[in-house]
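Trainee: I'd like to ask you about the structure that follows.
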Amino acid sequence: MEELEKHGGLERRQKSFEKQGAMNTFTVALGPSSVWSASPSPHNEALYPFLNPRNGAIVADIGLGYYLHDIDAQLNLACRSMNSSQRALGLEQQLSRTSIGLEGYKFFFDYHGFTPFLGGGVSIDFLSARQQDRNETAVTATATKVLPYIITGWDIRPSGVEWFLLRTNVRYTPNVTLAMPTSGNNLRLQDLEINFIQLVINLNRFFALN
């Protein structure tokens, strides 16, 4: 990027993108995200305190979106599937949360390519739990919920006219609970999702270069 800037290449590239309408661009994103339990689960605390929180699970974070250059904002459809399984003292517990969220966020400034953002979204979450204690009959619970969430993070974009960049996402969804029929308590699948490095490809700019 430095060599391009020295010889006016970045300015020419921006003018070319503007002429082709590629400063606004569709985006596709993919990267690993880690899942950390944001609060304890009443169901497990009451009956199975020996189980561990759902910490450190790695899931794929897939996004399809559209970047609006004039207002420096992003619309995104994010898909994640967060599963965990534990076995201890004769108990097996399998938890699953698949989230499909529509989110929007605004970038606030550009400090030498570091561009933080803040926004929110609404997701459809498909929750399920399966639990079997020793030789007892397996217990299952499922639910589908529409949930609001918060998203923040930052992009690394050195020039502002890249066809790809790196993004960090942090999402928090409150009130992700699943009622268990046997205990009357909730399983809490309330996670903090941290995606440290996600590759984002600006499709319109990629095709404009090629």
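Trainee: One residue is enough: does the range 176-198 have a residue meeting the conditions more than 14 Å from the chain's Cα centre (by Cα), at pLDDT 90 or above and open to solvent by less than 50 Å² (accessible area, probe 1.4 Å)?
Mentor: Within the range 176-198 (the criterion being more than 14 Å from the chain's Cα centre (by Cα), at pLDDT 90 or above and open to solvent by less than 50 Å² (accessible area, probe 1.4 Å)), the answer is no, since none of the residues qualifies.
Trainee: Report, ordered by the first and then the second residue, all pairs with beta carbons closer than 9 Å, sequence separation of six or more or different chains, a first member in the range 53-74 that is without any contact (Cβ under 8 Å) to a residue 60 or more places away in the chain, and a second member that is among the aliphatic types (A, V, I, L, M) and part of a loop (DSSP other than H, G, I, E, B).
Mentor: If the second residue must be among the aliphatic types (A, V, I, L, M) and part of a loop (DSSP other than H, G, I, E, B), the pairs left are His69/Met23; Asp70/Met23.
Trainee: Looking at the range 133-177, which of its residues are under 23 Å from Ile194 (Cβ atoms) and basic (Lys, Arg)?
Mentor: Lys145, Arg157, Arg167, Arg171
Trainee: Follow-up question, since we're still on this one. Go through the range 82-122 and report how many residues are open to solvent by 20 Å² or more (accessible area, probe 1.4 Å), acidic (Asp, Glu) and assigned to a strand (DSSP E or B).
Mentor: 1
Trainee: Out of all the residues in the range 154-210, which are in contact (Cβ under 8 Å) with a residue 60 or more places away in the chain, under 23 Å from Ala60 (Cβ atoms) and in a helix (DSSP H, G or I)?
Mentor: Leu203
Trainee: Hey, another quick one. Please go through the range 123-138 and give me each residue that is among the hydrophobic types (A, V, I, L, M, F, W, C) and either open to solvent by 30 Å² or more (accessible area, probe 1.4 Å) or outside any strand (DSSP E or B) (or both), ordered by number.
Mentor: Answer for the range 123-138, where residues must be among the hydrophobic types (A, V, I, L, M, F, W, C) and either open to solvent by 30 Å² or more (accessible area, probe 1.4 Å) or outside any strand (DSSP E or B) (or both): Ile124, Phe126, Ala138.
Trainee: Quick one: in the range 142-175, of everything that is open to solvent by 70 Å² or more (accessible area, probe 1.4 Å) and under 15 Å from Thr27 (Cβ atoms), which residue is modelled with the lowest pLDDT?
Mentor: Trp163
Trainee: Only residues that are open to solvent by less than 30 Å² (accessible area, probe 1.4 Å), farther than 30 Å from Phe206 by Cβ and modelled with pLDDT of 80 or more: list them for the range 1-58, please.
Mentor: Val35
The values are calculated or read from the model by the stated rules, or taken from the named source; none is laboratory data. All values reported here derive from a predicted model rather than from experimental measurement. Note: ideal-geometry Cβ built from the backbone for every residue, glycine included; neighbour counts use all protein chains shown. Ligands, DNA and RNA are stripped out before the accessible areas are found, and what is left, the full protein with its side chains, is counted by its heavy atoms. Shrake-Rupley method; radii C 1.70, N 1.55, O 1.52, S 1.80 Å.
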